[in-house]
Every structure is written in structure tokens, then in C-alpha cells.
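*Asks:* If you scroll down you'll find the structure; I have some questions about it.
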Amino acid sequence: MFLSLASHVDASLATVFAALGLPTAFARAQPSTRSDFGDFQCNAALALAREQGRPPRAIAEDIAGLLRQEAIFSAVEVAGPGFVNLTLAAPFLAASARATIAHAGLGIPDLGQGRLVILDFGGPNVAKPLHVGHLRSLVLGESLRRIHTALGWRTLGDAHLGDWGLQMGMLSSAIRHRDPSLAFFSRGDNEAFPSNAPVTLDELERLYPEAAAACRSDARRMAEARADTAALQAGDPGLLALWRSLRALSLTSQVADFRELGVVFDALDGESDVRDAITPLVERLRASGIARESEGALVVDVATAEDTFEVPPLLLAKRDGAALYATTDLATLEARATHEGLARVVYVVDQRQALHFEQVFRVAGKAGIAAGVELIHVGFGTVNGRDGRPFKTRDGGVARLTELLDDAMAKATERIEGSGYGRELDAAGKRALARRIGIGAVKFADLSGDRLSGYVFDVERMVAFEGRTGPYLQYACVRLRSLLAKADGVTVAEPGVPVHGSERALVMACLGFGDVVAESVRLMQPGVLAEYAFGLAQRFSRFYAECPVLAEPDLGTRTSRLGLCVFTLGVLERALSLLAIDVPERM
Ligand code: ARG
């Protein structure tokens, strides 16, 4: 079985603790926070002092004495009140590097063990093109999907399309108002309805904001939209035919945007898929007394005495019987729970919906929906403009996702021209390069940092070849590849015993990969992995500046360093692929 560095260290500690009669539950070490404290640090002596009735330093000395006999350490020191600082032996690092390279997951542990996780992300509504608000869900969700897969989970990515709400009624009534001849769906007969949408995609995308504005300003229009929505939900054949055609039309453009971002869904299910499950669910919750009536509506109380903020009741059905967003989410969860082996559902949705998910999860808990399944809302902050407010276009509208990506690609093109990158490429090659760089830059900016903080969408800063950026990481990969291409036949080279300080730091960084991947899912923060990738690229730069590789005269050292480059490239490429950042062939 593959063991990470930390597990090797803990195993040594456990042997020593057992020999000393100390409780092995305390046999744990953490990576050191400072390099002059060694690689790992064990603080157990401090925690054990009271129960052992001995000064912590004395316990630490006992532990250190036995640890010094373990071959994996080159130095074991007691520091301060009783810390044990551990430095790993260089030959052990070399052996670990070889074992990690041989491991298919490059050290990523199999934590999922084939359990199923459903990732609910993207979540566009029918008839609305993808906009800036979808960027983060798509980018974070795709990365979390890939990371779960790497950790041995079975994954199912589901876009959970918003395709059954009021916007559908707004659209049908707007089409009727604009051009009655297009309103085939109002015929009310059972003739075969056309399957083509009565409007083009462009028209549809313009129609929606118009329809929404009309409903906001005109109560009669709103009433009409509501009536249409109710009729659709009740199964009116004409409205269903229209709905089907509009859904297909807008999905085509949404899927093209997913593809542009390298996002893959296993299911493009929507709210409509559970439409028949809603009434029985609501009835069950009413009959079991979980839901109660309140001013004609049906609600579920979810507040608890421990709450530190107000959690209002979940609104299950309105006075007119109409189901709500939360009702659909509950019905969807119930349907998802029928998947064999489902262990976790991850909702990658704007942090502003945190209360919604809190309510839904609590009702699910009360009603025994998806019992035993871990439900996680992975929220995120907004994409902001330079003014620090949620991003808007110059005329104050909502920015389309493709516009943002186009901006990044335009900036990438400008930078490519200015830098001499891609010199040997033809025009099409340059465009492809700009696309990879632009999209990679946006993704890295979106993924890095704490997902809960918003960030400023600033292509100027994102598309830079230096600094904490996607292009910097892409370039590090390209540079490593070309270095290895120049060293014929050395792709089989293996890292040897690291000698130089920056060489050692680089091996250590590569060996930490598996634990970082695990950590990024434990915290649901792909940013942890993004930050790691950046640190790794930096360590590589330092190593490359300080240690000759191709020019190294000693054959053994040269081969060992080339082996380290192979290792670094493998880890960096894997890390970027888990972040869904493509690396260009050349830059
Ligand atoms: N369509 C929703 C929106 O636009 C997002 C859906 C998120 N997923 C969910 N299961 N609620 O806000």
C-alpha cells in the first residue's frame, strides 16, 4: 500500500510510542511551519505531560531517543518546552519519490473507495444565457468533480437546470403579446405541435429581460405569466411543447459555453425532472405533521435552540399550492438518494443561497430524505468589478460569460504579441494559444484564494506571465517539457538523493501533493490545490536557477536532477488537470 510522508512519520511515531508505553493515539506529527524546525513536528509530549506525571521535555527526550534509531530521519531534536522536530533523511526522500512516481495517483489517497458523490453545479436557468454569476460555480464545481474522482470517488456532475419556474410563463405570455401568430401553443387543441422554437436564440435571449421587465411593471402581465406557469405545470400540451422547444434551444448555447470552459456534466437534469414527485412529497410532509399550515401556505419549522442566527421556516407550498425552489430541491434530493452508493451531495452555489441550503438540509434531516448522505453547500463570493461591487457591463447590464472569456482572450493575444511567446505559431495556433492562456488565467484567478471571498475580475492582473497567475503555471509546465525534450531518453530517469537545498525543497513539495489533494476536498477549497501548484512552480524556478540540470557535468547528479524534473512535471500537470486548467503545447 502507498503511504504518504506524513503516514510514514506517524507509523514511526506509533512504533516508538508503543515501545515507550505511551498512548499511540497521540503518535501524530504535523508538517513544520518553519524549515528550521525540520520537516515535521510532534507536540505529543506536551499533551501527555499531565497524564504521565512527567515534565514534557523528559517525555520528548524519550521519544527522540528512540526516533533517532529510525532510518527515515536524519535529525531528531527536542526544542522549546517539549517539541520534537523531525528531519527526514535524504535517501528516504529519494525512495519516497520513486514510490510516488510509480503510484498511479502520484500519492493521492483513495479516500472515496468507490462511494458516489453528486456534484450539483452550474445551475443555469432556461432562456437566460450563462452570465458572470455562473462562472464560479462552473469552475469550482468542475474542479471539485475532478478532485473527487482522483480521490477514488465515483462522481456524477449534474447541472440542475432551472427549467420549471415562472420564467417559462413569462416567456410564453411575452411571445403571445409580441406576435400572436407565433403563439401556436395557445391553440389549446391536441394537434401535433411544432418541435422547433418559434424564436431564435438571439430573440429568446432578448425576450427574457423584456418579459421580466413587463411583468415587474405590469400586474396584469405578471398574473398572465403566473397563469401560464400554472397551466404548464398542470400539463397543458401546447405550453409543454413550447417549453420543450425553448429548453432545447437555450441548452444548445449553454452546452457550448460549458464546452468552452472544459466543463463536463454527466446529467443535464433539471427542476422539471422531479415535477411529478412534488405533490406526493408535499402531501407526505403534511400528513406526517412535519409541515404545518401558516396563513394558507405550507411551511416547515427548522429553527433550533442552538441557532446563533435566525433560521426562518422553509416555505414548502404557497397559498395557491405552487411549489417553490426549496420544494424542488427536496424532491430532487429524494430522487438522487435512489442512486446506489450515494454518500455525498455537494451544491456549488453562490454563498447568498446559504440560508436556502441550510433550510433544505434541515428539512431533509427531519423528513428522513437522503438519510445518512452528507449534504454540503459549497458557497462562494461574487465576481466583482473594479469598484468592488458585483461585476456589470459598461452599460450596467449583466455580463455574459462569453464576454468575460473574450476579454481574457483579447488580453492574452495582446500579451502574446508583446512578449514574443508563440513566435513560431501561425495565426490559428496563436488564437488557440490565446484561448488556453485566457481561459486558464480566468480559472486560476477564480480558483485561487478562499472561495468565500469575492474577487475583482481584472484581466490585466489575471493574464500576466509573472506572479500568482494561471499563465505563470502553464509556462512552468511548458518550460519543464522543453527541458526534458532536450535531454533525450531521460524520461525514465528517477530522482536520486537530493543534495542541494533547493533540490530537497522541490522533492518535499512534490511529495506533499497527495495530502494537499485530500485537504482541498476536506475543506472543499480547490484554492488549496491552486496555491500548492503555484508554490511548486516557484520551488521549481528556484531549483532551476540554483542547480544546473542539462549542464551538470556529473552524470549521476544530472540523471537524478532530470528525474526530479520528470517528477515535478508529473505533479504539476496533474495538479493543473485537477484545476481543469489546460496547458498549451508551447508558449
Ligand atoms: N438555478 C439556480 C439559480 O439560478 C441554481 C441552482 C443551484 N442548485 C440547486 N440544487 N439549487 O439560482
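The values are calculated or read from the model by the stated rules, or taken from the named source; none is laboratory data. Bear in mind that the values here come from a model prediction, so they are computed numbers and not experimental data. Heads up, the Cβs are rebuilt from the backbone with ideal geometry, glycines too, and the neighbour counts pull from every protein chain shown.
*Asks:* Which of the numbered conditions does PRO280 fail, given that it passes all the others? Conditions: (1) farther than 19 Å from LYS366 by Cα; (2) assigned to a helix (DSSP H, G or I); (3) away from the ligand (no atom under 16 Å from the Cβ); (4) not small (Gly, Ala, Ser).
*Replies:* Of everything listed in (1) farther than 19 Å from LYS366 by Cα; (2) assigned to a helix (DSSP H, G or I); (3) away from the ligand (no atom under 16 Å from the Cβ); (4) not small (Gly, Ala, Ser), PRO280 misses just condition (1).
*Asks:* Sort out which residues of region 517-528 are buried (at least 21 other Cβ atoms within 10 Å of the Cβ) and closer than 13 Å to ARG145 by Cβ, and write them in order of number.
*Replies:* Result: SER520, VAL521, PRO526.
*Asks:* Does at least one position in region 395-402 carry a residue that is more than 26 Å from PHE258 (Cα to Cα) and within 13 Å of the ligand (Cβ to nearest atom)? Walk me through how you get there before you give the answer.
*Replies:* Residues of region 395-402 that are more than 26 Å from PHE258 (Cα to Cα), as a first pass: none.
Within region 395-402 (the criterion being more than 26 Å from PHE258 (Cα to Cα) and within 13 Å of the ligand (Cβ to nearest atom)), the answer is no, since none of the residues qualifies.
*Asks:* Restricting to region 25-43, give me the number of residues that are assigned to a helix (DSSP H, G or I) and closer than 14 Å to ALA79 by Cβ.
*Replies:* Matching residues across region 25-43 total 3.
*Asks:* Let me ask something else about it. Do we find that ARG154 is modelled with pLDDT of 90 or more, within 16 Å of the ligand (Cβ to nearest atom) and within 35 Å of the chain's Cα centre (by Cα) in this structure? Steps first, please.
*Replies:* Working: modelled with pLDDT of 90 or more: yes; within 16 Å of the ligand (Cβ to nearest atom): no; within 35 Å of the chain's Cα centre (by Cα): yes.
For ARG154, the condition - modelled with pLDDT of 90 or more, within 16 Å of the ligand (Cβ to nearest atom) and within 35 Å of the chain's Cα centre (by Cα) - is not met.
*Asks:* Something else: Please enumerate the residues belonging to region 240-274 that are closer than 20 Å to ASP320 by Cα and aliphatic (A, V, I, L, M).
*Replies:* Correct list: VAL274 only.
*Asks:* Just need a number here: residues in region 420-451 that are closer than 30 Å to VAL528 by Cα, out of contact with any strand residue (DSSP E or B) (no Cβ under 7 Å at 6 or more places or on another chain) and not charged (D, E, K, R).
*Replies:* Summing the residues that are closer than 30 Å to VAL528 by Cα, out of contact with any strand residue (DSSP E or B) (no Cβ under 7 Å at 6 or more places or on another chain) and not charged (D, E, K, R) in region 420-451 gives 13.
*Asks:* Can you name every residue in region 99-124 that is assigned to a loop (DSSP other than H, G, I, E, B), touching a strand residue (DSSP E or B) at 6+ places or on another chain (Cβ under 6 Å) and within 16 Å of the ligand (Cβ to nearest atom)?
*Replies:* Result: PHE121, single match.
*Asks:* Does region 215-224 contain at least one residue that is in contact with a strand residue (DSSP E or B) (Cβ under 7 Å, 6 or more places away or on another chain), in a helix (DSSP H, G or I) and at pLDDT 90 or above?
*Replies:* No, the conditions are met nowhere in region 215-224.
*Asks:* I'd like the full set of residues that are under 28 Å from SER4 (Cα atoms), in contact (Cβ under 8 Å) with a residue 60 or more places away in the chain and not basic (Lys, Arg), limited to region 113-124.
*Replies:* GLY114, LEU116, VAL117, ILE118, LEU119
*Asks:* Can you go through LEU207, LEU251 and tell me which one is at pLDDT 90 or above, surrounded by fewer than 21 Cβ atoms within 10 Å (Cβ to Cβ) and under 12 Å from ASP163 (Cβ atoms)?
*Replies:* Selected residue: LEU251, the only one of LEU207, LEU251 that is at pLDDT 90 or above, surrounded by fewer than 21 Cβ atoms within 10 Å (Cβ to Cβ) and under 12 Å from ASP163 (Cβ atoms).
*Asks:* The conditions are (1) over 34 Å from the mean Cα position of the chain (by Cα); (2) within 15 Å of the ligand (Cβ to nearest atom); (3) among the polar types (S, T, N, Q), and SER288 fails exactly one of them. Which is it?
*Replies:* Of everything listed in (1) over 34 Å from the mean Cα position of the chain (by Cα); (2) within 15 Å of the ligand (Cβ to nearest atom); (3) among the polar types (S, T, N, Q), SER288 misses just condition (2).
*Asks:* Any residue that is touching a residue at least 12 places away in the same chain (Cβ under 8 Å), surrounded by fewer than 24 Cβ atoms within 10 Å (Cβ to Cβ), part of a helix (DSSP H, G or I) and within 16 Å of the ligand (Cβ to nearest atom) - is there at least one of those in region 178-185?
*Replies:* No, because not a single residue in region 178-185 is touching a residue at least 12 places away in the same chain (Cβ under 8 Å), surrounded by fewer than 24 Cβ atoms within 10 Å (Cβ to Cβ), part of a helix (DSSP H, G or I) and within 16 Å of the ligand (Cβ to nearest atom).
*Asks:* Looking at region 389-411 only, could you name the residues that are more than 24 Å from the chain's Cα centre (by Cα) and buried (at least 19 other Cβ atoms within 10 Å of the Cβ)?
*Replies:* Once the filter is applied, which keeps residues that are more than 24 Å from the chain's Cα centre (by Cα) and buried (at least 19 other Cβ atoms within 10 Å of the Cβ), region 389-411 yields only LYS411.
*Asks:* Another question, then. Could you give me the residue pairs with C-beta distances under 8 Å whose first residue belongs to region 151-165 and is in a loop (DSSP other than H, G, I, E, B), whose second residue is polar (S, T, N, Q) and within 8 Å of the ligand (Cβ to nearest atom) wherever it lies, and which are 6+ apart or on separate chains?
*Replies:* Qualifying pairs under 8 Å: HIS160/THR332; ASP163/ASN125; TRP164/THR328; GLY165/ASN125.
*Asks:* Is there any pair with a first residue in region 125-142 that is more than 17 Å from PRO390 (Cβ to Cβ) and more than 13 Å from the ligand (Cβ to nearest atom) and a second that is at pLDDT below 90 and not in a helix (DSSP H, G or I) whose Cβ atoms are under 6 Å apart and which are 6 or more apart or on different chains, and what are they?
*Replies:* Filtered contacts from region 125-142: no entries.
*Asks:* Got a number for residues in region 274-304 being at pLDDT below 95, aliphatic (A, V, I, L, M) and surrounded by fewer than 11 Cβ atoms within 10 Å (Cβ to Cβ)?
*Replies:* Matching residues across region 274-304 total 0.
*Asks:* So if I check each of LEU88, LEU106, which one is in contact (Cβ under 8 Å) with a residue 60 or more places away in the chain and at positive phi?
*Replies:* LEU106
*Asks:* Take region 450-496 and flag every residue that is among the basic types (Lys, Arg) and under 23 Å from the mean Cα position of the chain (by Cα).
*Replies:* Of everything in region 450-496, those that are among the basic types (Lys, Arg) and under 23 Å from the mean Cα position of the chain (by Cα) turn out to be ARG451, ARG461, ARG468.
*Asks:* For region 227-254, give me the residue count where each residue is acidic (Asp, Glu) and either outside any loop (DSSP other than H, G, I, E, B) or touching a Lys or Arg at 6+ places or on another chain (Cβ under 6 Å) (or both).
*Replies:* Of the residues in that region, 1 qualify.
*Asks:* Now, a different point. Of these, ALA49, ALA60, ALA95, which one is part of a helix (DSSP H, G or I), crowded, with 20+ Cβ neighbours inside 10 Å, more than 16 Å from the ligand (Cβ to nearest atom) and over 29 Å from the mean Cα position of the chain (by Cα)?
*Replies:* So the residue among ALA49, ALA60, ALA95 that is part of a helix (DSSP H, G or I), crowded, with 20+ Cβ neighbours inside 10 Å, more than 16 Å from the ligand (Cβ to nearest atom) and over 29 Å from the mean Cα position of the chain (by Cα) is ALA60.
*Asks:* Separate question: Out of region 157-169, which residues are within 15 Å of the ligand (Cβ to nearest atom) and not polar (S, T, N, Q)?
*Replies:* Once the filter is applied, which keeps residues that are within 15 Å of the ligand (Cβ to nearest atom) and not polar (S, T, N, Q), region 157-169 yields GLY157, ASP158, ALA159, HIS160, LEU161, GLY162, ASP163, TRP164, GLY165, LEU166, MET168.
*Asks:* In region 323-343, which residue that is crowded, with 19+ Cβ neighbours inside 10 Å and more than 12 Å from the ligand (Cβ to nearest atom) is nearest to the chain's Cα centre (by Cα)? Write out each step before concluding.
*Replies:* Going residue by residue through region 323-343, those that are crowded, with 19+ Cβ neighbours inside 10 Å are 323, 327-334, 336, 342.
Okay, now just the ones that are also more than 12 Å from the ligand (Cβ to nearest atom), so 323, 334, 342.
Working: ALA323: 30, GLU334: 24, LEU342: 19 Å.
The extreme case among them is LEU342.
*Asks:* Looking at region 344-363, which of its residues are near the ligand (Cβ under 10 Å from one of its atoms) and farther than 15 Å from TYR325 by Cβ?
*Replies:* Those that are near the ligand (Cβ under 10 Å from one of its atoms) and farther than 15 Å from TYR325 by Cβ: VAL345, VAL348.
*Asks:* If you take the residues in region 364-375 that are out of contact with any helix residue (DSSP H, G or I) (no Cβ under 9 Å at 6 or more places or on another chain) and under 17 Å from LEU116 (Cα atoms), which one is farthest from the ligand (Cβ to nearest atom)?
*Replies:* Within region 364-375, the match that is farthest from the ligand (Cβ to nearest atom) is GLY372.
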